[in-house]
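First up is the structure itself, then whatever we jot down about it.
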Amino acid sequence: SDGQIYPMYRKAYALSVMGRNDEAQAILQEIFSDESNFLTNNDLKLNVLLRMGRTSEAREILETLAENSRKVQNMTAEDLINADVVPETMESYNLACYYSLLGDKEKALDYLRQHFEECNDSLDPNFDYAILDYDFDNIRQMPEFMQLINEYKTKWLNGEFNKKK
């Protein structure tokens, strides 16, 4: 059940960060062996595949989630209400993280820019967290990464963001 899967995943992630990869991989394999763990949660499946090093499968899921996210963004409220099924989507910040983890630096920066553009009074862009987020290790040293953060942090501090209602 979902209640048991997330603690298992978090344990595997922690073991991986600690360098205990064999233990982490065993837990990830146990999670992955039961397809019912992912019936309504491609985000978790994407995470597990990434941590298992199965990047081509992870990329397929990520591309689907990114496409779904674009579709849903273009739907009106009425479209969403009338839809039989709303496809699983992902926030642009998380899309940026996953593209960075997969080494797709340009898409990572594009989605990070989109995240900052989407921020408003009710959604803090959390610039400082982005600077420290391990998921951005692949792009943190790129000059474009800090330029992007500094550009939007300056806009935020100067009140230049369009306020969304």
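At 18 Å minimum axial length over the Cα atoms and a Kyte-Doolittle cut of -0.5, report the qualifying DSSP H helices in the chain, or say none.
Correct list, ordered by number: 2-17.
Of the residues 113, 70, 51, the one that moves most in a GNM of the chain with alpha-carbon contacts below 10 Å is 70.
Average accessible surface for the chain: 60 Å² per residue, computed with a 1.4 Å probe over protein heavy atoms with every protein chain in place.
For the chain, the relative contact order comes to 13 percent (Cα pairs under 8 Å, sequence separation of at least 6). Solvent-accessible surface (1.4 Å probe) assigned to residue 5 amounts to roughly 10 Å². Comparing mean-square fluctuations of 18, 52, 142 from a GNM of the chain with C-alpha springs under 10 Å, the top value falls on 18. Largest mean-square fluctuation among 128, 84, 43, in a Gaussian network model of the chain whose springs join Cα atoms under 10 Å apart, belongs to 84. Taking every lysine pair in the chain that is 8 or more places apart or spans two chains, those with Cα atoms closer than 27 Å amount to 21. Estimated from helices alone, the mean residue ellipticity of the chain at 222 nm is -20500 deg cm²/dmol (sum of -39500 (n - 2.57) over DSSP H runs with n ≥ 4, per residue). In this structure residue 85 has an accessible area near 110 Å², from a 1.4 Å probe over the protein heavy atoms.
The values are calculated or read from the model by the stated rules, or taken from the named source; none is laboratory data. Note that this is a predicted model, so its numbers are computed, not measured. Each accessible area value is taken on the protein alone, full model and side chains, heavy atoms only, with ligands, DNA and RNA left out. Shrake-Rupley method; radii C 1.70, N 1.55, O 1.52, S 1.80 Å.
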